[in-house]
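Working notes for the structure below.
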Amino acid sequence: MTVILFNKPFGVLSQFTDKGTEGSKRETLSNYIDVPKVYPAGRLDRDSEGLLVLTDDGRLQAKIAHPKFKKPKTYLVQVEGRPSEDQIAALQSGVELKDGMTRPAKAELIDPPDLWPRTPPVRFRKTVPDAWLKLTITEGRNRQVRRMTAHVGLPCLRLVRWSVGDWTLDGLASGAWRKA
């Protein structure tokens, strides 16, 4: 069994080919990983960064990706605005999205993390403060973290998945990978 931990950069698709976009110059996993028969366990949006777990084991892939297994995923989220206690409490108790109520999340305000620079950089506005949250969820709906923070009035500026279960990005540079 092979398990690969990849720190997906901003702008990279969570797939090995860019089907449907003939001649596209968008980067895919094949620009970074040349290991046969491994596939992503779950997805990470093109405009999100961070940990993507790849494996050649279908059962493990399902355990990581399927919400019924409740595998915790932790994100570092830069948001526009200063989160209030009420906004954090709403994230912690779950929020009502168009596709239903989310499970309760672990949410806390954190100091800005020491991360690699993002290309392109996050838009900076002098008149609008920003803050960082650490958010852990146990489901993986489409763009869930972005929708949750927007729902409570904190639009997402940067989203980095830091961990999936016990696997973390610790010591892994953007665009780099290692076997777990």
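Scan the range 46-69 for residues that are open to solvent by less than 20 Å² (accessible area, probe 1.4 Å) and under 20 Å from P36 (Cβ atoms) and the total you get is 5.
Whether any residue in the range 48-69 is assigned to a loop (DSSP other than H, G, I, E, B) and under 17 Å from the mean Cα position of the chain (by Cα) is what I want to check. For the range 48-69, residues assigned to a loop (DSSP other than H, G, I, E, B) and under 17 Å from the mean Cα position of the chain (by Cα): present. Take the residues in the range 70-85 that are loosely packed, with under 15 Cβ neighbours inside 10 Å and touching a residue at least 24 places away in the same chain (Cβ under 8 Å), then tell me which one is nearest to the chain's Cα centre (by Cα). Ranking the candidates gives P72 first. Put simply, of R43, R26 the only residue that is assigned to a loop (DSSP other than H, G, I, E, B), more than 15 Å from L135 (Cβ to Cβ) and in contact (Cβ under 8 Å) with a residue 24 or more places away in the chain is R43. A Cβ distance below 7 Å, combined with a sequence gap of six or more or placement on separate chains, defines the contacts here; from the range 86-104, residues that are in contact (Cβ under 8 Å) with a residue 60 or more places away in the chain reach residues that are open to solvent by 40 Å² or more (accessible area, probe 1.4 Å) and of a type outside the set (A, V, I, L, M, F, W, C) in the pairs Q87/G153.
Filter the range 30-40 down to residues that are assigned to a helix (DSSP H, G or I) and crowded, with 16+ Cβ neighbours inside 10 Å, then give me how many there are. Going through the range 30-40 one residue at a time, the tally reaches 0. Scanning the range 1-44 for residues that are of a type in the set (D, E, K, R) and more than 26 Å from P117 (Cα to Cα) yields K19, E22, K37. The number of residues in the range 105-141 that are closer than 19 Å to K70 by Cβ, free of Cβ contacts under 8 Å to residues at least 40 places away in the same chain and either of a type in the set (D, E) or open to solvent by 40 Å² or more (accessible area, probe 1.4 Å) (or both) comes to 1.
A search for C-beta distances below 7 Å between a residue of the range 154-180 that is in contact (Cβ under 8 Å) with a residue 60 or more places away in the chain and any residue that is part of a strand (DSSP E or B) and open to solvent by 60 Å² or more (accessible area, probe 1.4 Å), counting only pairs 6+ apart in sequence or on different chains, returns T168/W162; L169/W162; L172/R178; A180/W167.
The values are calculated or read from the model by the stated rules, or taken from the named source; none is laboratory data. This one's a predicted model, so the numbers in the text were calculated from it and none came from an experiment. All Cβ positions, glycine included, derive from the backbone under ideal geometry; neighbour counts span all protein chains shown. The area values use the complete protein model at the heavy-atom level, side chains included, leaving out ligands, DNA and RNA. Shrake-Rupley method; radii C 1.70, N 1.55, O 1.52, S 1.80 Å.
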